[in-house]
Structure formats: C-alpha cells, structure tokens
Amino acid sequence: MRTVLLTGFEPFDQDPINPSWEAVKALDQTLIKEDVRIVSRQLPCVFSQAPTRLLELLVSFQPELVIAVGLGPGRTDISIERVAINLNDARIPDNLGEQPIDTAVVVDGPAAYFTTLPIKAMVKAVREAGIAASVSQTAGTFVCNQVFYLLQHALAGLGVRSGFIHVPFLPEQVVDSQRPSMALDTMVAGLQAAVLTAWQTPVDAKEE
C-alpha cells in the first residue's frame with residue numbers, strides 16, 4: 001500500500017479545537033486509489049517538538065506525498081501555500097510558552113523553499129468542486145511555516161512531493177459572524193479534492 005501523509009495541528013491559543021486536525025482526521029485511512037491510502041497524524045503546536053514528530057512520521061510511513069495542514073486565522077478559503085521561509089517570528093507563544101523572535105528554522109539553510117505540489121491545478125480542482133480556494137504567497141512565521149520549511153528541507157531532492165495548506169476557522173469558532181469560516185464537511189471535501197489532484201497531476205496547470 002502506498003501512502004499519502006497528511007498532518008494537522010493540535011489546538012492552540014486557548015482554543016479547544018483546531019480545524020486543521022479535524023479536517024485531516026476525517027480523511028484518515030481514505031483510499032484515493034485502490035493502492036493509495038491517506039494516513040493522518042497530529043503535530044504539536046510547539047516549535048521545539050513539531051520538527052521531531054514530523055521527521056518521525058516521514059521515517060515511519062515513507063510517504064510518496066506529504067501535505068501539512070494548519071489553521072490560518074482570518075483566511076477565507078482553502079489556501080495552498082507556495083513558499084516557506086527560513087524564519088521563526090512568533091506573534092504569540094506556542095503551547096509550551098515558547099516565542100522565538102527572528103530565529104532561523106534551519107541555521108545556514110536556504111532562505112526559502114518552494115512547494116513541490118501542483119498548487120494551481122489543486123486550486124482549480126477545489127474550485128471546480130464548488131469550494132473557495134486560492135494560492136497563498138505567505139505561510140506566516142509561526143509553527144505552520146516552520147513545519148512547511150522543515151518538510152521541504154527534509155525531502156529536498158528525494159522526489160517526494162510536499163507542501164502546506166491553510167484552512168479557515170470552523171463556524172463554531174467564530175463569535176463575530178463577520179469573521180470568515182468554513183464548514184467542516186466543506187473543508188474535508190476541499191482537502192480531498194486537493195490531495196487527489198496532487199497525486200494525479202505530474203505537471204502543474206498554468207492558471208492566473
């Protein structure tokens with residue numbers, strides 16, 4: 001059985017749920033082809049722990065495709081990230097109270113890594129499923145970006161496609177109805193379309 005690894009994050013910033021994990025968890029053990037299975041695992045929202053857990057998962061599952069998913073507060077759609085930067089600059093403490101400011105994700109590492117996912121084809125597929133999606137040019141500087149950067153760093157040159165997707169809040173997390181959110185079943189369907197397209201698409205689409 002060939003493996004697609006999806007990761008989501010534990011809750012953080014005093015919120016009892018994290019939609020990235022809820023959506024990813026719903027896809028665990030899903031077959032996207034007869035011999036291709038999704039495996040979903042949770043990452044800690046902790047700068048000092050997420051890297052170790054991520055590398056453990058890569059070694060354990062030897063996936064052929066990896067997509068990390070995180071919450072993007074304020075995002076209005078399924079945002080497929082283009083680039084990870086070599087910078088930790090936390091606006092809030094992580095779940096252990098750590099708050100690195102202006103530190104490198106990997107000392108002496110490249111300034112940035114681009115995703116190896118067919119991001120525009122993925123956006124197109126999600127939109128065709130009737131779900132809002134876009135390419136994002138920034139993954140921030142919190143643990144999401146750290147994981148995205150480390151993922152690309154670990155897999156560089158190995159031929160394993162990988163990248164990162166941000167998702168919005170769930171409706172139940174939004175007190176002010178003016179803040180953007182997305183229903184869980186919509187989020188799950190969008191991620192499933194994105195994963196299937198990432199698996200099936202050897203050359204990215206040329207879309208605006």
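The values are calculated or read from the model by the stated rules, or taken from the named source; none is laboratory data. The structure displayed is predicted, hence computed values, not measured ones. Cβ: placed from backbone, ideal geometry, glycine included. Neighbour counts: every protein chain shown. Note: areas computed on protein heavy atoms with side chains; ligands, DNA, RNA excluded. Shrake-Rupley method; radii C 1.70, N 1.55, O 1.52, S 1.80 Å.
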Next on the checklist: Could you compute the net charge surrounding Asn88? Neighbours are other residues with a C-beta less than 12 Å from the C-beta of Asn88; K and R count +1, D and E count -1.
Outcome noted: -3
Item to check | Mean separation of Cα contacts under 8 Å (6+ apart) over length of the chain, as relative contact order % | outcome: 27
Item to check | Neighbour net charge for Ser60 - beta-carbon separation under 15 angstrom, K R +1, D E -1 | outcome: +1
Next on the checklist: Over 10 Å intervals from 0, what percent of Cα-Cα pairs in the chain sits in each interval?
Outcome noted: 9, 38, 39, 13, 1
Next on the checklist: Placing +1 on the Cβ of each Lys and Arg and -1 on the Cβ of each Asp and Glu in the chain, which of Cys144, Ala194, Ala50 has its Cα farthest towards the positive end of the resulting dipole?
Outcome noted: Ala194
Checklist entry - Using the Cβ atoms and a cut-off under 15 Å, what net charge is assigned to the surroundings of Glu10, where Lys and Arg are +1 and Asp and Glu are -1? => result -2
Checklist entry - How do 113-120, 34-41 rank on mean C-beta neighbours within 10 Å, highest first? => result 113-120, 34-41
Item to check | Percentage, to the nearest whole number, of Cα pairs in region 85-208 over 25 Å apart | outcome: 35
Checklist outcome for this item: Expressed in angstrom, Rg and Dmax over the Cα atoms of region 50-97 are 13.6, 34
Checklist entry - So how exposed is Arg75, as accessible area in Å² (1.4 Å probe, rounded to 10)? => result 50
Checklist entry - Dividing the Cα radius of gyration by the Kirkwood radius, what Rg/Rh value follows for region 96-148? => result 1.10
Checklist entry - Which whole-number value in Å² is the accessible area per residue of region 49-208, probe 1.4 Å? => result 46
Checklist entry - When the accessible area of region 67-174 is split by element with a 1.4 Å probe, what percent falls to carbon and sulfur? => result 55
Checklist entry - So how do Ile67, Ile85 rank on accessible area, 1.4 Å probe, biggest first, that is with the largest at the start? => result Ile85, Ile67
